[in-house]
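Peer 1: I have a structure I would like to understand better, so I am pasting it below and will then ask my questions one at a time.
Just so it is clear, none of the values below were taken in a lab; they were calculated from the coordinates. No experiment lies behind these values; they were computed from the predicted model shown. All Cβ positions, glycine included, derive from the backbone under ideal geometry; neighbour counts span all protein chains shown.
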Amino acid sequence: MSTHASQDAGGGPAENLDYRIAHLQEHLASGELGELGVRVEARGQAVLLTGTVPSAPCRDEILRTVQEELAGVPVHSDLVVTEASCPDHAEELA
């Protein structure tokens, strides 16, 4: 048996990353954030976060959680904040 084959059979880095991503997704969905609008995808040896979150503090908490769960893995974030705020002036209707 070659060294390369034994590494693949035991679960290589990509398989480990997939496991860590699955654990992170479970953590995000079941945690106090209950965030299901965030997608976590492996891109080579890095991770890409995409989706929409309701506020900047929510985004910051998600990024903190991701850094804890995926320590040592490069993470790229494309999270959009859709904070709904009250208008600061009346709408002019013609």
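Peer 1: If you stretched the chain out fully between E92 and L63, how much longer would it get, using 0.36 nm times the residue separation minus the C-alpha to C-alpha distance? Walk me through the intermediate numbers first.
Peer 2: Working: separation 29, 0.36 × 29 = 10.44 nm, distance 3.94 nm.
Stretched out fully, the E92 to L63 stretch lengthens by 6.5 nm.
Peer 1: In addition: Whose amide H sits under 5 Å from the amide H of G51, counting only residues 5 or more places off or on another chain, with H placed in the peptide plane?
Peer 2: Here R39, V80 satisfy the definition.
Peer 1: What are the ³J(HN,Hα) values, in whole Hz, obtained from phi via the Karplus relation 6.51 cos²θ - 1.76 cosθ + 1.60 with θ = phi - 60°, for each residue of segment 71-82 in sequence order, with x given for Gly and Pro?
Peer 2: 3, x, 9, x, 10, 10, 10, 10, 8, 9, 9, 10
Peer 1: When only DSSP loop residues count, what GluC sites (Glu not before Pro) in segment 26-94 have their Cβ near at most 13 other Cβ atoms within 10 Å?
Peer 2: Values: sites: E26, E32, E35, E41, E61, E68, E69, E83, E91, E92; in loops: E32, E35, E83, E91, E92.
Sparse-neighbourhood loop GluC sites (Glu not before Pro): E32, E83, E91, E92.
Peer 1: What ³J(HN,Hα) values, in whole Hz, does the Karplus curve 6.51 cos²θ - 1.76 cosθ + 1.60 give for segment 58-67 when θ = phi - 60°, with x put for Gly and Pro?
Peer 2: Once rounded to whole Hz, the list reads 5, 4, 4, 5, 5, 5, 5, 5, 4, 4.
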